[in-house]
Amino acid sequence: MRVEQLTCSIGAELIGVNLADAIHDDGLFAEIRAQMVKHRVVFLRDQDITRAQHVAFARRFGELEDHPVAGSDPDHPGLVQIYKRPDSPLDRYENSWHSDGTWRETPSLGGVLRCVECPPVGGDTMWANMVEAYARLPNDVKAKIEGLRARHSIEATFGAAMPIEKRLALKAQYPDAEHPVVRTHPETGEKILFVNAFTTHFSNFHTAERVRYGQDFTQGSSELLRYLISQASIPEYQVRWRWRPNSFAIWDNRSTQHYAVMDYPACHRKMDRAGIIGDKPY
């Protein structure tokens with residue numbers, strides 16, 4: 001296996017690897033996993049494997065999760081079909097910087113994403129290194145957000161366009177989750193800036209140390225949250241991957257955010273994603 005680093009802060013392409021072999025080869029899988037943790041996201045080309053093999057490889061990381069809104073392959077539970085169609089206006093809706101499933105109490109550990117069909121040009125996906133984003137925050141901001149916690153909502157995102165009854169049922173099934181604004185990577189001990197498009201507000205901002213009068217709460221907290229979420233947009237923290245059929249991306253969802261670029265004309269864009277169940281952030 002050859003590892004070709006793609007940027008100075010995030011991303012590497014793995015060359016000379018067959019993911020089907022890693023299903024049964026413990027040493028090969030361990031090396032792929034180590035490269036994922038090191039580079040945050042790794043990419044592979046020309047992986048002509050079956051959906052069953054895709055699922056089997058992803059399950060080596062852990063059990064897979066279904067999605068309550070996005071549809072899954074009926075023959076392969078845990079393989080979410082992210083299919084964009086040219087004839088559906090709703091499918092033209094995309095995207096924002098996010099980490100998968102932070103609206104869950106246990107957000108995804110990572111994802112294994114395969115391109116089935118893509119536009120001839122456009123439709124790239126970008127990833128951002130949120131370890132680097134935290135490390136480069138000004139010291140006064142780091143001090144301000146230490147100990148802060150925030151709410152993450154599926155209702156305010158996936159549920160926003162639903163009829164009210166369906167939206168409230170979704171929230172009842174998945175109440176807003178609360179996570180630390182700065183989480184710790186469970187394997188490396190690194191600190192990670194952990195707010196994204198699913199984050200609605202801080203849970204414990206309104207204290208005597210931070211707020212003089214009640215009016216400070218809304219403006220002060222919302223401006224700080226907006227600033228923190230914007231850090232994923234800094235190019236020096238990013239890598240951009242151009243898709244081809246049978247290309248794969250494998251990423252550490254704990255330390256990254258990603259963004260599917262909606263810059264292509266009306267056409268099909270079909271991606272299969274296996275999301276791995278993670279643990280509770282701390």
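If you filter segment 72-120 down to residues that are modelled with pLDDT under 85 and more than 21 Å from Ser247 (Cα to Cα), you find that the one that is farthest from the chain's Cα centre (by Cα) is Asp87. Can you pull out the residues in segment 269-282 that are outside any strand (DSSP E or B) and of a type in the set (Lys, Arg)? Within segment 269-282, Lys280 is the sole residue that qualifies. The residue of segment 231-275 that is farthest from Val131 (Cα to Cα), among those that are among the aliphatic types (A, V, I, L, M) and over 15 Å from the mean Cα position of the chain (by Cα), is Ala266.
Exactly one residue out of Thr188, Thr207 is at pLDDT below 95, surrounded by fewer than 22 Cβ atoms within 10 Å (Cβ to Cβ) and of a type in the set (Ser, Thr, Tyr): that is Thr207.
Determine, yes or no, whether Glu178 is surrounded by fewer than 17 Cβ atoms within 10 Å (Cβ to Cβ) and either part of a strand (DSSP E or B) or under 15 Å from the mean Cα position of the chain (by Cα) (or both). It is true that Glu178 is surrounded by fewer than 17 Cβ atoms within 10 Å (Cβ to Cβ) and either part of a strand (DSSP E or B) or under 15 Å from the mean Cα position of the chain (by Cα) (or both). Applying the set (1) more than 14 Å from Gly123 (Cα to Cα); (2) surrounded by fewer than 14 Cβ atoms within 10 Å (Cβ to Cβ); (3) basic (Lys, Arg) to Arg254 leaves exactly one unmet item: (2).
Number of residues in segment 110-123 that are touching a Phe, Trp or Tyr at 6+ places or on another chain (Cβ under 6 Å) and part of a loop (DSSP other than H, G, I, E, B): the value is 4.
Of all positions in segment 215-226, none carries a residue that is out of contact with any strand residue (DSSP E or B) (no Cβ under 6 Å at 6 or more places or on another chain), more than 25 Å from Arg40 (Cα to Cα), crowded, with 18+ Cβ neighbours inside 10 Å and acidic (Asp, Glu).
Scanning segment 145-173 for residues that are under 12 Å from Phe198 (Cβ atoms) and hydrophobic (A, V, I, L, M, F, W, C) turns up Ala150, Ile154, Ala156, Phe158, Ala160. Against the list (1) out of contact with any Pro (no Cβ under 9 Å at 6 or more places or on another chain); (2) under 21 Å from Ser233 (Cα atoms), the condition Gly122 fails is (1).
Conditions (1) of a type in the set (Val, Ile, Thr); (2) modelled with pLDDT of 95 or more; (3) over 27 Å from Thr200 (Cβ atoms), marked per residue:
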position: Leu228; (1), (2), (3): no, yes, no
position: Trp241; (1), (2), (3): no, yes, yes
position: Trp251; (1), (2), (3): no, yes, no
position: Pro265; (1), (2), (3): no, no, yes
position: His268; (1), (2), (3): no, no, yes
position: Gly275; (1), (2), (3): no, yes, no
position: Gly278; (1), (2), (3): no, yes, no
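Name the single residue, out of those in segment 148-169 being part of a loop (DSSP other than H, G, I, E, B) and touching a strand residue (DSSP E or B) at 6+ places or on another chain (Cβ under 8 Å), that is surrounded by the most Cβ atoms within 10 Å (Cβ to Cβ). Filtering segment 148-169 for residues that are part of a loop (DSSP other than H, G, I, E, B) and touching a strand residue (DSSP E or B) at 6+ places or on another chain (Cβ under 8 Å), the one surrounded by the most Cβ atoms within 10 Å (Cβ to Cβ) comes out as Ser153.
How many residues are in a helix (DSSP H, G or I) and within 14 Å of the chain's Cα centre (by Cα) if we restrict to segment 124-146? Counting residues in segment 124-146 that are in a helix (DSSP H, G or I) and within 14 Å of the chain's Cα centre (by Cα) gives 2.
Here Asp87 clears all of (1) more than 26 Å from Arg40 (Cβ to Cβ); (2) of a type in the set (Asp, Glu); (3) touching a strand residue (DSSP E or B) at 6+ places or on another chain (Cβ under 6 Å) except the condition numbered (3).
The values are calculated or read from the model by the stated rules, or taken from the named source; none is laboratory data. Because the structure is a prediction, the values reported are computed rather than measured. Cβ sites come from the backbone with ideal geometry, for glycine too, and all protein chains shown count toward neighbours.
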